[in-house]
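What follows is a short report on a single structure.
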Amino acid sequence: MSDMKKVALVTGAGMGIGKAIAQRLASDGFAVAVNDVSEENARATVAELQAGGATAVAVAADVSNREQVFAMVDRAVTELGRLDVMVCNAGIVQVDPVMTITEKDFDRIFAINVKGVLWCAQAAAQQMIAQGEGGKILNAGSVASFTGQPLLGTYTASKFGVRALTQVMAREFAGHGITVNAYCPGIVDTGMWETIDGRASEVLGTERGVMLEKAQDMIALKRLEQPQDVARFVSFLASEGSDYITGQCMMVDGGIIMS
Ligand SMILES: NC(=O)C1=CN([C@@H]2O[C@H](COP(=O)(O)OP(=O)(O)OC[C@H]3O[C@@H](n4cnc5c(N)ncnc54)[C@H](O)[C@@H]3O)[C@@H](O)[C@H]2O)C=CC1
Ligand SMILES: CC(=O)C(C)=O
């Protein structure tokens with residue numbers, strides 16, 4: 001590789017954890033391709049990164065659409081020259097008791113959280129294999145990749161799926177020098193938790209904040225996780241420090257689940 005910057009593509013980086021990851025990888029020296037289904041939010045993240053002196057480009061796409069995902073990776077490579085790190089971060093949540101989950105809900109969650117990771121990893125691996133220098137694929141797992149909580153049935157099933165794909169892809173891609181790992185956050189202060197808390201209060205008939213308070217009680221470190229807590233860990237996984245790590249789904253959760 002020449003003295004060209006290493007390139008990372010982060011999905012769902014228009015806000016929340018993905019945005020913090022894009023900011024952190026830019027400050028680590030990566031050129032960053034910023035994906036989101038919201039083109040406006042992807043562009044806003046790019047504008048912030050560029051204002052800080054980083055190289056960044058917006059590559060809007062819906063990660064559940066395989067064709068759009070392959071076009072997204074092509075565009076990132078055309079604009080930034082190569083792909084070294086793929087962060088499959090985009091995800092959505094759904095909050096409902098098992099007895100009221102519909103087929104439509106199930107399919108929507110799996111389309112984005114599971115197929116989205118699969119298509120992004122496929123497109124990234126194709127590019128990394130063509131480059132012939134290995135690469136790193138990082139998937140958004142969750143504490144929900146390991147344990148089920150009430151009201152999060154479809155979401156939890158999808159995050160167990162991400163853990164499964166991480167292990168299978170780690171074995172299949174190892175021969176190409178591509179590592180595949182998942183970062184597993186706990187209760188992170190983003191729009192996703194506002195959605196969970198709001199919807200849980202509707203379903204349970206409780207005040208807003210009750211579900212969040214209960215969840216926070218599980219955190220050993222006794223503070224709500226911030227997107228930057230996740231981004232620091234992803235920075236490590238994107239660095240050479242993680243070169244001998246593959247197939248792992250690692251907690252970055254303040255001690256909710258201990259191994
Ligand atoms: N917030 C939390 O407590 C936790 C979040 N996670 C996971 O971390 C990841 C990021 O979560 P947050 O930042 O909290 O969520 P968020 O809801 O704050 O942000 C998600 C971003 O992904 C984008 N997105 C949604 N669907 C998309 C699609 N089809 N294609 C492209 N982009 C899409 C949204 O537009 C948004 O910008 C998700 O995979 C989530 O499951 C894991 C554990 C805990
Ligand atoms: C959003 C999420 O992953 C949990 C477990 O709350």
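The values are calculated or read from the model by the stated rules, or taken from the named source; none is laboratory data. Source: prediction; values computed, not measured. For neighbour counting, all protein chains shown are included, and Cβ atoms are generated from backbone atoms with ideal geometry for every residue, glycine included.
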Q.
Residues to consider are LYS222, LYS214; find the one that is farther than 30 Å from MET128 by Cα and at pLDDT below 95.
A. LYS214
Q) In this structure, does SER158 turn out to be within 16 Å of ligand 2 (Cβ to nearest atom) and over 25 Å from PHE233 (Cα atoms)? A) no
Q.
Looking at (1) in contact with a Gly (Cβ under 9 Å, 6 or more places away or on another chain); (2) of a type in the set (A, V, I, L, M, F, W, C); (3) within 10 Å of ligand 2 (Cβ to nearest atom); (4) assigned to a helix (DSSP H, G or I), which one does CYS184 not meet, given that it meets all the others?
A. (4)
Q.
Residue under question is ILE187, and the condition is that it be aliphatic (A, V, I, L, M) and within 12 Å of ligand 1 (Cβ to nearest atom); does it hold?
A. yes
Q) Which residue, of LEU118, LEU83, is part of a helix (DSSP H, G or I), in contact (Cβ under 8 Å) with a residue 40 or more places away in the chain and out of contact with any Ser or Thr (no Cβ under 9 Å at 6 or more places or on another chain)? A) LEU118
Q. When both residues are 6+ apart or on different chains and their Cβ atoms are under 9 Å apart, which pairs have a first residue that lies in segment 168-188 and is without any contact (Cβ under 8 Å) to a residue 24 or more places away in the chain, and a second that is outside any strand (DSSP E or B) and surrounded by 20 or more Cβ atoms within 10 Å (Cβ to Cβ)?
A. GLU172/ALA125
Q: Search segment 190-211 for residues that are of a type in the set (Lys, Arg) and pair each with any residue that is surrounded by 14 or more Cβ atoms within 10 Å (Cβ to Cβ) when their beta-carbon atoms are under 7 Å apart and the residues are at least 6 apart or on different chains.
A: ARG199/VAL95; ARG208/ASP197; ARG208/GLY198; ARG208/SER201
Q. How many residues does segment 42-53 contain that are in contact (Cβ under 8 Å) with a residue 24 or more places away in the chain and touching a Gly at 6+ places or on another chain (Cβ under 9 Å)?
A. 3
Q) If you go through segment 223-247 one residue at a time, how many are in a loop (DSSP other than H, G, I, E, B), touching a residue at least 24 places away in the same chain (Cβ under 8 Å) and surrounded by fewer than 18 Cβ atoms within 10 Å (Cβ to Cβ)? A) 7
Q. How about segment 1-54: which of its residues are surrounded by fewer than 24 Cβ atoms within 10 Å (Cβ to Cβ) and charged (D, E, K, R)?
A. ASP3, LYS5, LYS6, ARG24, ASP28, GLU39, GLU40, ARG43, GLU48
Q: Within segment 248-259, work out how many residues are at pLDDT below 95 and either touching a strand residue (DSSP E or B) at 6+ places or on another chain (Cβ under 6 Å) or surrounded by 14 or more Cβ atoms within 10 Å (Cβ to Cβ) (or both).
A: 0
**Q.** Where ASN181 falls short, out of the listed (1) surrounded by 14 or more Cβ atoms within 10 Å (Cβ to Cβ); (2) over 18 Å from ASN89 (Cβ atoms); (3) in the same structural domain as TYR244 (by TED's automatic domain parsing)
**A.** (2)
Q) Going through segment 1-41 one residue at a time, which ones are free of Cβ contacts under 8 Å to residues at least 12 places away in the same chain and hydroxyl-bearing (Ser, Thr, Tyr)? A) SER2
